[in-house]
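The values are calculated or read from the model by the stated rules, or taken from the named source; none is laboratory data. All values reported here derive from a predicted model rather than from experimental measurement. Cβ placement follows ideal geometry from the backbone for every residue including glycine, while neighbour counts extend to all protein chains displayed. Side chains included, ligands, DNA and RNA excluded: accessible areas come from the protein's heavy atoms. Shrake-Rupley method; radii C 1.70, N 1.55, O 1.52, S 1.80 Å.
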Amino acid sequence: MPSNRFNASSEYGIGVGLRVPHYDQILRKKPVVDWFELLSESFLADGGRQREVLDRVLQQYRVVLHGVGLYFGSAEPLDRSHLRKLKALVRRTGSPWLSDHLCWGSADGRFSHDLLPMPFTMAAARHTAAKIRQAADFLEVPVSVENISSYAEWTASTMTEWEFLSEVAEQADCGILLDINNVYIVSENHGFDPYAYLDQIPHARVSQIHIGGHSRFATHILDTHDQPVADPVWQLYGYAIGKLGATPTLLEWDDRIPPFEEVHREAQKANRFLVQLASTHP
């Protein structure tokens, strides 16, 4: 199941995000890493330090592109200029699939630079799915959408988040980047069973998994990616792997970033669940 058409039947293991504080060490020491996830928008420009780092990383490692700028749920049409640059980057990197978020973030030409939650309605699902199909057709690479963290809900919603995610994926015929940390965050913030979420999504469409850290406050949990993965998230991850199989998994650590060795060790903790899976499904 984990190797499917939504990840181009790629057998990827445990990866980490390629982040600026780690560039020099990665280029100098060439640590053993299954793959790196690249923030697409950071590498769209021609030339410069980012392009130099990218070209050197590509000599050694496999990469997958992950974006924050397509805003599939926004009312405006897709930005063709952005898509052209993104397509060139896909070809340059050989990314076997590409992901972005199930969200909106722009209106009337103004951008929030944030990942804003969708109203979970059939009309929103149809609109979003149509834009995902357009993007996939143009980019000529499988596209997956990621469930986001949220801190408020729309009163207009007529379905659960997992029903909405499933509906969008089915209508768009796209993959799902399942963020386990975000599933836990929204379950705590909005009061539902995260295991029901994992049970109900279309497992055969999951191309990739994200794990990461969060911060707990008095009234909500914030998706901060600034610390190790919390135990309840690891428990959810283990449950998800039992459902999905050995799915490509990426650790996100984007703030208060420690040395690369610490980030890599945290990512490798996912291997214990893969070993358990192998022992129960030889």
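Of the cross-linked pairs Lys85/Lys131; Lys87/Lys243; Lys87/Lys131, which ones have a Cα-Cα span greater than 21 Å in the structure shown? Over 21 Å apart, Cα to Cα: Lys87/Lys243.
Taking all protein chains as they are arranged and a probe of 1.4 Å, the heavy atoms of Leu116 leave approximately 40 Å² accessible to solvent. Farthest towards the positive end of the charge dipole of the chain, among the residues Leu102, Tyr195, Gly17, is the Cα of Gly17, using unit charges on the Cβ of Lys, Arg, Asp and Glu.
Of all DSSP-defined beta bridges confined to the stretch 125-237, some 20% are antiparallel rather than parallel. Of all lysines in the structure, those lying under 23 Å Cα to Cα from Lys29, and not within fewer than 8 positions of it along the same chain, are Lys269. Considering helices alone, the calculated mean residue ellipticity of the chain at 222 nm is -12000 deg cm²/dmol, with DSSP H runs of length four and up weighted by -39500 (n - 2.57) and normalised per residue. Counting only DSSP beta bridges whose two residues both lie in the chain, roughly 15 percent are antiparallel. Remark: the stretch 47-179 carries a charge dipole of roughly 860 debye about the Cα centre, counting +1 on each Lys and Arg Cβ and -1 on each Asp and Glu Cβ.
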